[in-house]
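Take a look at the structure set out below.
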Amino acid sequence: MSWLVKVQADDFFRAYQVLNKIGPALNSPAIVSLAFSLELYIKDIYYALNMDNDFPRGRDGHNILVLFRMLPEGARQEIRSYPSIQKLVAFYSMQTPPYIPQDKHKQPITDILEQQIYKIGDAFQKCRYSYENGTLYYEEGIALALIEACKSIADSARRR
């Protein structure tokens, strides 16, 4: 099953790359493809680690922060220690005033990486129906760094 998730994640990531090259006229489809590929790359870690596929389904099944928090601690630490993620965290740690969102339980998200994941966490849902949500902003750099880290971690897990 793991390789099927990876293949589909790669397909959506390539679709993002093609759509992104075409330009802003296809911005929503490009972002939806990027957001969905990130979701699949995170889910691929589950399969690569031979875990049950007990990640959430439905609305939370598309939320990147929910999926990230469900990864085993070791996988989350590998993501945190990935060089592009460390650069991202270092950059955002210098924000003034600090960005402190609240999760769905109204708890403040104080972890810098989780704050950035929160920003893009529900993009797959919101960008698919962007006409309902108005103008949307998506930080592609965060998603691209996470994809790079997730791909590396899943590939390493498969080699073990």
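The values are calculated or read from the model by the stated rules, or taken from the named source; none is laboratory data. Keep in mind it's a predicted model, so treat the numbers as computed, not measured. With ideal geometry, Cβ positions are generated from the backbone for all residues, glycine too; neighbour counts draw on all protein chains shown. Heavy atoms of the whole protein, side chains included, go into the accessibility calculation; ligands, DNA and RNA do not. Shrake-Rupley method; radii C 1.70, N 1.55, O 1.52, S 1.80 Å.
Quick notes on this one:
- Out of Asp52, Asp44, Asp60, sole residue that is part of a helix (DSSP H, G or I), among the acidic types (Asp, Glu) and modelled with pLDDT under 90: Asp60
- Pair list, Cβ under 9 Å, 6 or more apart: segment 42-62 residue of a type outside the set (Asp, Glu), other residue at pLDDT below 60: Tyr47/Met1; Asn53/Met1; His62/Pro56
- Pairing each residue of segment 87-113 that is within 20 Å of Arg76 (Cβ to Cβ) and open to solvent by less than 60 Å² (accessible area, probe 1.4 Å) with any residue that is among the small types (Gly, Ala, Ser) and modelled with pLDDT of 75 or more, provided the two are 6+ apart or on different chains, yields C-beta distances under 8 Å for Leu88/Gly141; Leu88/Ala145; Ile112/Ser93.
- The residues of segment 14-31 include none that are open to solvent by 30 Å² or more (accessible area, probe 1.4 Å) and under 15 Å from the mean Cα position of the chain (by Cα).
- Scanning segment 63-77 for residues that are open to solvent by less than 40 Å² (accessible area, probe 1.4 Å) and part of a helix (DSSP H, G or I) turns up Ile64, Leu65, Val66, Leu67, Phe68, Ala75.
- The combined condition, being loosely packed, with under 13 Cβ neighbours inside 10 Å, over 21 Å from Arg14 (Cα atoms), at pLDDT below 90 and not hydrophobic (A, V, I, L, M, F, W, C), is not fulfilled by Tyr118.
- For Arg80, the criteria (1) open to solvent by less than 50 Å² (accessible area, probe 1.4 Å); (2) under 14 Å from the mean Cα position of the chain (by Cα); (3) at pLDDT 90 or above hold in every case but one, which is (1).
- Any hit, segment 128-145, residues being in a helix (DSSP H, G or I), at pLDDT 80 or above, open to solvent by less than 30 Å² (accessible area, probe 1.4 Å) and within 15 Å of Leu40 (Cβ to Cβ): yes
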